[in-house]
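Some notes on the structure that comes next.
Bear in mind these aren't lab numbers, they're just calculated from the coordinates by the rules spelled out. From a predicted model like this one, the values you see are computed outputs, not experimental measurements. Counting neighbours? That spans all protein chains shown, and the Cβs are built from the backbone with ideal geometry, glycine included.
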Amino acid sequence: MDDTPAVAALSDKLSLASVEAPTLLRFITCGSVDDGKSTLIGRLLHDTGNIPDDQLTRLSAESRRWGTQGDHVDYALLLDGLSAEREQGITIDVAYRYFGTPRRAFIVADTPGHRQYTRNMATGASTADLAVLLVDAQKGIITQTRRHALIASMLGVRHLVLAVNKMDRADYREALFTEVAGDFIAFAARLGFASIVSIPVAAKLGENVVHPADTMPWYEGPTLLEHLERVDVRETLEALPFRMPVQLVSRPTPDFRGYAGTIAAGVLRTGTRVSILPGDSTAGIARIVTADGDLAVAVAGQAVTVVFDEDIDVSRGDMLADAGQPATVTDTLETSLLWVSDTPLDPARAYLLKAGAATVAARVASPNQGIDVETGALVVMTSLSMNEVGRVAVRLDRKLAFDTYRRSRGTGGFILIDRLTNDTSAIGLVEEALALVDTPKVAAGRWPILTGETAWRSLTKAFCWRAVGSLGTIVLAFALTHNRGLAALIGSGEVLTKIIIYFLHERVWARIPFGVTRST
Amino acid sequence: MSRLDNLARLEAESIHIFREVAAECERPVLLYSIGKDSAVLLHLAQKAFYPGKLPFPLLHVDTTWKFREMIAFRDKRAADLGLDMLVHTNQEGLAQGIGPVTHGSRVHTDVMKTQALKQALDLHRFDAAFGGARRDEERSRAKERIFSFRSAEHRWDPKKQRPEFWDIYNTRKGPGESIRVFPLSNWTELDVWNYIRRESIPIPELYFAAVRPVVERDGALLMVDDERLPLAAGEKPQMRRVRFRTLGCYPLTAAIESDATTLDGVIAELGASRVSERSGRAIDHDGGSSMEQKKVEGYF
């Protein structure tokens, strides 16, 4: 037996029965095309003893044939599992790799750097606890870095590592590392990550990846692996109010009726009451059934079957929620959409929205604003194509229960499906679930209204303004002419014309983005 | 999530996938290949629908070249658990006498596995098929989605995969299209073994070391399971202490020398191993992208 960490992991498990079982960390690597993502993962796998010999043998053979690293092993070939990727030398789709150390099991998603594959990066990010963002020390922070940081933050990745790579080519200069890390923090501070840690590495040489580097004595922080093993990503999911979408109704025998699902947030205890949304009934939890026996308490992430203490009508797609803090029931959502389909958003098209276990028909308006994924700034946007992020109102054909994505990743995200092609069109995040009973119709016109003013409001304003304005005109005309008849004629003459002019003026301005600010 | 360890999280994810397919697909089937991954897959499926029974049948594509012990194990499991076990063999291939010894691994796998699987799926009009493939097995599998779509001709298009977000799966498909679903996508070989130990899941004895008759060819140890393996002149089966890391068709699956007679032994040996799981599978060595190519053609 050699002394690779994998072996150490096993002997630990076998000899120390009391040792805590390893936890799981899901992370993604992202960054620009040539910043060394694949090399970094290759190094992580290699230096933790997680690349079997036969794969190494094949890798060096293929490096000679396809490799882009000269005489060095091209780790990209280990991860680029599709023949098209090896031939073109680019990563097209997410690759998942698995490795372990005594402390943790890791699932790493290597995501493509090219802009046209942003949706595949989002696939990896949607389930990740942490993102490792690579930058080339000499190139510093570039638009790709900002774009990936932004999408990671948008999809709720809580922890970020900035791996400043290729330090060997930058003479291991501390000042350069400090500058790059400082630039990044200045940009990323407002993105709301729970932690940002910067590490100087030379992935090709394995420096500060698994083993510390003596070439950078000025750096006293952890290596990348040390940080990945220690970072505390325990989510606050259990602290959130209880949520569970009902996946299946289980009725194997006439006297058993259970509701199966995975707990999305919070804690469930027998004896407590839950709301059954989107309806308005509540029921008490009699049993929490699993194949390993009944539980008294179940937590977020567990797949269970719930039995109520009374007969009650519950269907797939309903949401069980904390009766004291239920989710918002609505048919109108303010959302951020990342468009992932080749076919751009078409407000006239029929879409399906799938959230939790519920699928409903949805009308999707044109965006009125979007997010520039390179700067994070809100910009005017009136259409939505692949890899763009827009702020879009979505109207459902029936009410469902939602939380905002910022509050709850499990009950604030959804996908849009194109009804004609069955393709997934967009990934959506609920920014606001509008708990209005009667909400204004979502505008689907070509020139969207930015201020949220309805035509009725503009007309009422026009009448109101005219009453005030015309009274003023009559007073002024009387003061100048001392003729009541003439003053009344001037005043009333303008009433009709100016109501019309004012109304039209308002409707035009409602569509002009100039000077519009938006509160979120 | 602090209270759930790695295996508990993997188990919950797999159960969620099983339930989602049962809710959204009309005719699911579980592809059962008798090995350790199938054993875990079946165990998870039973947990997903407890206290109910499995809401779908199992399907074993029998190439007729499985180890005899595997077939006995399959039949015993089906009887013990009261499973609806369908067995399908490509009768045309059988009539033509297609086999790995006479026709080579490539033709045998295509006719008796890939074509046989397509026949069975079409025959029963299954629209979703669970498989036990894991992403850590092979690099083209590392790229495959958990819900992987197949055209009406059962072809996989690796460049046109639907993006997959969170645990919300788009299961919609056109007429004739089907889905291959991989609930064990995120499991590793070590996870599977640790789970088998934790849950006491029965697996065939072939996974444990015993003295068995083998011949050595090109460095691979092939078990002589019956008289269908032709011996070269002067070749004599030797009795060696071996076990199998994966189970497939017997002339295509090499044994390894081992003393591991228990689960703990197998797991310890796995940690010390420096070669990957499928290195003993002949069909993986027909070229750099052979698995990707087989999948494009409809292999599981």
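Annotations for the structure displayed:
- Reachable lysines, given that their alpha-carbon falls under 21 Å from the alpha-carbon of A:K498 and they are not under 8 places away in the same chain: A:K461
- For chain A, the share of DSSP beta bridges that are antiparallel, to the nearest 5, is 75%.
- The range B:140-296: Lys pairs at Cα distance under 21 angstrom, eight or more positions apart or on different chains: 12
- The trypsin sites (Lys or Arg not before Pro) of the range A:165-252 that DSSP puts in a loop, and whose beta carbon has at most 15 other beta carbons within 10 Å, are A:R173, A:R234.
- Selection among A:V108, A:N50, A:L155 by position relative to the dipole of chain A gives A:L155 as farthest towards the positive end (Cβ unit charges, Cα centre).
- Scattering profile of the range A:5-234 at q = 0.08, 0.17 Å⁻¹ [log10 I(q)/I(0), Debye over alpha-carbon scatterers]: -0.28, -1.30
- Counts of other chain beta carbons within 10 angstrom of each beta carbon in peptide A:78-85 average 6.
- C-alpha center-to-center spacing [the range B:177-224, the range A:241-303] in angstrom: 35
- Over the Cα atoms of chain B, the radius of gyration divided by the Kirkwood radius equals 0.95; this is the Rg/Rh ratio.
- Annotation: lysines with alpha-carbon distance below 17 angstrom to B:K76 (same-chain offsets under eight excluded): B:K36, B:K66.
- Once the convex hull of all Cα atoms in the range A:455-509 is built, its volume per residue stands at 61 Å³.
- Test item: Cα-centred dipole of the range A:328-433, Lys/Arg +1 and Asp/Glu -1 on Cβ, debye: 420
- Top positive-direction residue, dipole computed over the protein assembly as shown with Cβ charges, set A:I28, A:L489, A:A426: A:L489
- Charged side chains reduced to their Cβ positions (Lys and Arg at +1, Asp and Glu at -1) give the range B:203-284 a dipole of some 100 debye around its Cα centre.
- Charged side chains reduced to their Cβ positions (Lys and Arg at +1, Asp and Glu at -1) give the protein assembly as shown a dipole of some 2300 debye around its Cα centre.
- Largest to smallest principal axis extent of the C-alpha atoms in the range A:216-261, angstrom: 71, 22, 13
- Of the residues B:L81, B:Y169, B:A268, the one whose Cα sits farthest toward the positive end of the charge dipole of chain B, with +1 on the Cβ of Lys and Arg and -1 on the Cβ of Asp and Glu, is B:Y169.
- Bridge type composition, chain B - antiparallel percent by DSSP, nearest 5: 60
- Rounded, prolate or oblate (a/c below 1.5 giving rounded, otherwise prolate when a/b exceeds b/c) for chain A by Cα gyration tensor: oblate
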